[in-house]
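First the structure, in the form of structure tokens, and then the observations on it.
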Amino acid sequence: VIRCRAAVAWAVGKPLSVEEVEVAPPKAGEVRIKIVATGICRTDDHILEGCFPNVDFPVIPGHEGAGIVESVGEGVISVKPGDKVIPISLPHCGECSFCLNPESNYCLKSHLSEPQNLLPDKTSRFTCRGKQIHHFLWVSTFAEYTVILECAVAKIDAAAPLDKVCLLGCGFSTGYGAAINTAKARPHVVQVKPGSTCAIFGVGGVGLSVVMGCKAAGASRIIAVDINKDKFAKAKELGATDCISPQDFKKPIQEVLTEMTGHGVDYSFEVIGHADTMTAALASCNMNTGVCVMVGVPASGSVISIDPMLLLSGRTWKGTLLGGWKMRDSIPKLVSSYLEKKFNSDLLITHTLPIAKVNEGFELLRAGK
Ligand code: NAD
Ligand code: ZN
Ligand code: ZN
């Protein structure tokens, strides 16, 4: 058993509490990882607000981390102590019908098929003050050590800077992949075509990664839509050609975008997680061949009602988890591309804080900083 620090969420609406926790050794098929760095994704905030489905408290959040394998359980062969790894929040067993399907990007044996936040054997490897603490997405990177399934670990290049590539564990890969995932035989994934027009609703960490993906795909016009104008300078630096705030217009933003582009954008991305911006994003893409991609996570229990004509005329509406990548195979390749400077995800890093200041990190996120 390792004793170390972790940020524990004891109850909905309470700040995280940095505590000493006990981390049990990995069981068969599991890996214990020393987490070196982790990003804060808005999804972690959804848990603290109590609007992420199927999360029991107390829980250790965090799912955008990078670390070093400390020890492995019986039967683990794909990684060994000392390997640099990125934990992935969508496991990939490699054997089920979803894993074997080249069009699918996650496993049937995941917390999505069986929504609960203990490990698959219904136990936890974390305890704190004598209480069992739940895992999050079977990953929990807000801990100095965590235990996860071998099938949710991607081994990466030993040269990778862990404090930078941790962002590939969720935010960057999600946004970039949502736009650029051009792997063949993946029709559910958007492949932004060169010369096309795109609108990105919400340019936080994930939305900015969509901007980068649209630019890399050769889009000719990339319109960032956000109510926080402080985000616009970075969006422009990363490739946005126009930046607009819905609050500057009297008419609905979908009408503004339709006028700006003649008949609506070719691709729209919702990267906020609100039902109203999801419908606005749908209505912003052109009525026939437009594609709208849902990336933002809606609050559990959200319901959307739309005019069915929006879809009848030909639009496509789809969603993506983690940008459509089969993460266990794709993460090592994305890390290699990062090392070859094919993209610069470092530009997404705004602040670096020690774990003791994790709540300050959330305050900065909520303040739009
Ligand atoms: P973030 O908070 O950094 O960014 C959200 C942005 O949306 C902010 O810039 C904010 O100003 C803007 N915004 C809020 N309300 C708006 C409105 N009404 N109109 C226009 N802009 C508005 O969050 P993030 O970390 O970039 O995550 C974005 C969303 O993506 C979250 O819902 C998160 O849970 C989700 N997410 C989904 C996946 C996935 O696999 N699908 C992965 C990661 C994150
Ligand atoms: Zn995330
Ligand atoms: Zn599987």
Could we say that GLY177 is touching a strand residue (DSSP E or B) at 6+ places or on another chain (Cβ under 7 Å), buried (at least 19 other Cβ atoms within 10 Å of the Cβ) and at pLDDT 90 or above here? no
Is it the case that some residue within the stretch 2-21 is at pLDDT 95 or above, on the phi < 0 side of the Ramachandran plot, within 16 Å of ligand 1 (Cβ to nearest atom) and in contact with a strand residue (DSSP E or B) (Cβ under 8 Å, 6 or more places away or on another chain)? yes
Based on this model, can you work out whether GLY50 counts as out of contact with any strand residue (DSSP E or B) (no Cβ under 8 Å at 6 or more places or on another chain), more than 17 Å from SER140 (Cβ to Cβ) and surrounded by fewer than 17 Cβ atoms within 10 Å (Cβ to Cβ)? yes
Would you list the strands (runs of 3 or more DSSP E) that sit entirely within the stretch 26-125 and hold 3 or more residues that are at pLDDT 95 or above, under 24 Å from ASP157 (Cβ atoms) and more than 16 Å from ligand 1 (Cβ to nearest atom)? 30-38, 65-72
Does SER302 meet the test of being surrounded by fewer than 20 Cβ atoms within 10 Å (Cβ to Cβ) and within 20 Å of the chain's Cα centre (by Cα)? yes
Any residue at all in the stretch 206-227 that is surrounded by fewer than 16 Cβ atoms within 10 Å (Cβ to Cβ), acidic (Asp, Glu) and at pLDDT 95 or above? no
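The rows are residues; the columns are (1) assigned by the TED database to the domain that holds ALA11; (2) in contact (Cβ under 8 Å) with a residue 40 or more places away in the chain; (3) surrounded by fewer than 20 Cβ atoms within 10 Å (Cβ to Cβ); (4) farther than 29 Å from LYS164 by Cα.
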| site | (1), (2), (3), (4) |
| --- | --- |
| GLY75 | yes, yes, yes, yes |
| ASP83 | yes, yes, yes, no |
| PRO91 | yes, yes, no, no |
| ASN105 | yes, yes, no, no |
| GLN116 | yes, yes, yes, yes |
| ILE133 | yes, yes, no, no |
| TRP138 | yes, yes, no, no |
| ILE148 | yes, yes, no, no |
Looking only at the stretch 152-184, which residues are assigned to a helix (DSSP H, G or I) and under 18 Å from HIS351 (Cβ atoms)? LEU162, ASP163, LYS164, VAL165, CYS166, LEU167, GLY169, GLY171, PHE172
Restricted to the stretch 152-171, and to residues that are out of contact with any helix residue (DSSP H, G or I) (no Cβ under 7 Å at 6 or more places or on another chain) and surrounded by fewer than 24 Cβ atoms within 10 Å (Cβ to Cβ), which residue is farthest from VAL18 (Cα to Cα)? ALA158
Can you tell me which residue is farthest from PHE142 (Cα to Cα) among those in the stretch 68-109 that are within 16 Å of ligand 3 (Cβ to nearest atom) and of a type in the set (Asp, Glu)? GLU103
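The values are calculated or read from the model by the stated rules, or taken from the named source; none is laboratory data. Just so it is clear, the structure is predicted and the values come from calculations on it, not from any experiment. Ideal geometry is used to build each Cβ from the backbone, glycine not excepted, and the neighbour counts take in all protein chains shown.
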